[in-house]
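*Asks:* Sharing a structure, written as structure tokens. Questions coming.
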Amino acid sequence: MKKMLKSFALGCCILAATAFQANASSTAHKPSPDEVVKMLQEGNSRFVANKAMQPHSDTNRLIQAGKENQADHAYATVISCSDSRVPVERIFDAGVMDIFVIRVAGNVVDVDEAGSIEYGLAHVNTPVLVVLGHTQCGAVTAVTGEVEGHGHALERNIPPLVDNIIPAVKKAMAAHPDKHDKELVPFGIEENIWQGIEDLFMASPATRELVKSGKVKVVGAMYDVGTGKVDWLPDAKVSDILQKVESNPARAMNAMAETGHK
């Protein structure tokens, strides 16, 4: 009996060690960036057509998630607004361990978001980053009202959260001087997607290098909360933004954080 128990214990230790080694590093082959974009597009098409397969959503996937490294599975990083009308995994017909999601009001890219994106790209090893805006964005609407001079009082922590949106709204105003209030908001929402990409490139040398090497593709996209459809914005604009940032002397240059604590 004791020999049986010892054998059982030894077997458990071996299994545990094997599981630890499997989780220690990511060696899984990921799809190419273009293949990932196609997967996201096809998933959204199924969602819109009411033909979602809801993959990787059962108990077996949860068991798998408890044992395996997410970096062996996740194929996209998505930063989106916190808006409850934008359920990221569902609109791309994805499941558990498929998408590394960052959600923040207004899908802004500040320090916390840039760090989260760097983790998704460099450590979860996702080949694609989607900066996802959406129609009827309340954060952009609020900032538009403030910039146009008819804003309303906000709780103390909201203005510093959404101040990254101000340049986007001003760009929309300059490009569309005939638009005001609600008519201006859709243009501000798209500009805010581009602003998020620019803010990311300015703050993250690691992301710039991943994009320039071809390992990662950054794409902008717009989700329609009334139809469920994602519209994909031009790739050329991302390239233009990267080129602009590379010539900006104010861009961050050190990709890695300093070690140690003071």
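The values are calculated or read from the model by the stated rules, or taken from the named source; none is laboratory data. What you see is a predicted model; the values in this text were computed from it and never measured. Because the Cβ atoms are built from the backbone with ideal geometry, glycine has one as well, and the counts that use them run over all protein chains shown.
*Asks:* Among the listed residues VAL219, VAL225, which satisfies the condition of being surrounded by fewer than 17 Cβ atoms within 10 Å (Cβ to Cβ), of a type in the set (A, V, I, L, M, F, W, C) and not in a helix (DSSP H, G or I)? It would help to see each step written out before you state the result.
*Replies:* On the way: VAL219 fails: surrounded by fewer than 17 Cβ atoms within 10 Å (Cβ to Cβ).
Unique residue meeting the criteria: VAL225.
*Asks:* Tell me whether region 77-92 contains one or more residues that are part of a helix (DSSP H, G or I), among the aliphatic types (A, V, I, L, M), touching a residue at least 40 places away in the same chain (Cβ under 8 Å) and under 22 Å from PHE47 (Cβ atoms). I'd like the intermediate steps shown before the answer.
*Replies:* Here is the first cut: in region 77-92, the ones part of a helix (DSSP H, G or I) are 88-91.
Next cut, among the aliphatic types (A, V, I, L, M) only: 88, 91.
Retained after the next criterion (residues that are touching a residue at least 40 places away in the same chain (Cβ under 8 Å)): 88, 91.
This time we only want the ones that are under 22 Å from PHE47 (Cβ atoms), so: 88, 91.
Yes, some residue in region 77-92 is part of a helix (DSSP H, G or I), among the aliphatic types (A, V, I, L, M), touching a residue at least 40 places away in the same chain (Cβ under 8 Å) and under 22 Å from PHE47 (Cβ atoms).
*Asks:* Which one of GLY188, GLY106, GLY133 is buried (at least 17 other Cβ atoms within 10 Å of the Cβ), in contact with a Cys (Cβ under 9 Å, 6 or more places away or on another chain) and not in a helix (DSSP H, G or I)?
*Replies:* On inspection, the qualifying residue turns out to be GLY133.
*Asks:* Now for a separate question. ALA122 - would you say it is under 25 Å from SER45 (Cβ atoms), surrounded by fewer than 23 Cβ atoms within 10 Å (Cβ to Cβ) and within 17 Å of the chain's Cα centre (by Cα)?
*Replies:* Details: under 25 Å from SER45 (Cβ atoms): no; surrounded by fewer than 23 Cβ atoms within 10 Å (Cβ to Cβ): yes; within 17 Å of the chain's Cα centre (by Cα): yes.
The answer is no for ALA122.
*Asks:* Could you please find all residues in region 160-184 being assigned to a helix (DSSP H, G or I) and over 22 Å from the mean Cα position of the chain (by Cα)?
*Replies:* LYS170, LYS171, ALA172, MET173, ALA174, ALA175, ASP181, LYS182, GLU183
*Asks:* Follow-up. Please go through region 15-60 and pick out each residue that is surrounded by 10 or more Cβ atoms within 10 Å (Cβ to Cβ), part of a helix (DSSP H, G or I) and either basic (Lys, Arg) or at pLDDT below 90 (or both).
*Replies:* LEU15, ALA16, ALA17, THR18, ALA19, ALA22, ASN23, LYS38, ARG46
*Asks:* Take region 59-110 and flag every residue that is of a type in the set (S, T, N, Q) and under 21 Å from ASP34 (Cα atoms).
*Replies:* We begin by selecting, within region 59-110, every residue of a type in the set (S, T, N, Q); these are 59-60, 64, 69-70, 77, 80, 82, 84, 107.
The answer is GLN70, THR77, SER80.
*Asks:* Right, next: Working only within region 231-262, note down all residues that are among the polar types (S, T, N, Q) and either surrounded by 10 or more Cβ atoms within 10 Å (Cβ to Cβ) or under 14 Å from LEU200 (Cβ atoms) (or both).
*Replies:* Within region 231-262, SER239, GLN243, ASN248 meet the criteria.
*Asks:* Failed condition for LEU184, given (1) out of contact with any His (no Cβ under 9 Å at 6 or more places or on another chain); (2) farther than 21 Å from ILE241 by Cβ, with all others met?
*Replies:* (1)
*Asks:* Let me ask another. Go through (1) at pLDDT 95 or above; (2) over 23 Å from the mean Cα position of the chain (by Cα); (3) over 30 Å from LYS229 (Cβ atoms); (4) not β-branched (Val, Ile, Thr) for LYS2 and report which single condition fails.
*Replies:* Going through the list (1) at pLDDT 95 or above; (2) over 23 Å from the mean Cα position of the chain (by Cα); (3) over 30 Å from LYS229 (Cβ atoms); (4) not β-branched (Val, Ile, Thr), LYS2 breaks only (1).
*Asks:* Here are the criteria: (1) outside any loop (DSSP other than H, G, I, E, B); (2) within 21 Å of VAL219 (Cα to Cα). Tell me which single one VAL124 does not satisfy.
*Replies:* Only one criterion in (1) outside any loop (DSSP other than H, G, I, E, B); (2) within 21 Å of VAL219 (Cα to Cα) is unmet by VAL124, namely (1).
*Asks:* Take the residues of region 244-262 that are over 21 Å from the mean Cα position of the chain (by Cα) and in a helix (DSSP H, G or I): which is farthest from LEU132 (Cα to Cα)?
*Replies:* Only one residue fits best here, namely GLU246.
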